Amino acid sequence: MTLITPEAEEARSEELVSSMQASLAELRQTIQAFKEKADAGEEFKETEVNGQLTSLSKLVVSLQGAEHKLDTFRQARSGIAQNGYAFDLSIARAQVRCALGRLRDCGRTGSVSE
């Protein structure tokens, strides 16, 4: 039985993003080399260029997905919800204590405080 923890998934996502970024850098260099050869007047096989462009497109889409997943892990760890809001539990705790204190005071005096 394998236990999958959020930390392990986050680490795996970080490794995946790093790997994809390295691959993306290599593809950029390849495309730059194509560009330099094209500027020099050299001709290319269409299949070779199309294959590199297809690889680049797929890698960019995969990288964006992995980065999104990694951001989701990081937001979850920091307490930020999907819509970008975070809960500060310390402030919420203090507000609840104040409200309970007002209720206790209200019970002793017979009137409701604001």
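Just so it is clear, none of the values below were taken in a lab; they were calculated from the coordinates. Just so we're clear, the structure is a prediction, and the values are computed from it rather than from any experiment. With ideal geometry, Cβ positions are generated from the backbone for all residues, glycine too; neighbour counts draw on all protein chains shown.
Observations on the structure shown:
- From phi via Karplus (6.51, -1.76, 1.60), per-residue ³J(HN,Hα) for segment 56-72 in Hz, x at Gly/Pro: 5, 4, 5, 5, 5, 5, 5, 5, 4, x, 5, 5, 4, 4, 5, 4, 4
- Pairwise FRET efficiency - VAL61 versus LYS35, Cβ, R0 = 25 Å, nearest 0.05: 0.70
- Taken along the Cα-to-beta-carbon direction at a fixed 7 Å, the label points for THR54 and ARG28 span 2.5 nm.
- Judged by the mean number of other Cβ atoms found within 10 Å, the most tightly packed of the peptides 22-29, 63-70 leads the ranking 63-70, 22-29.
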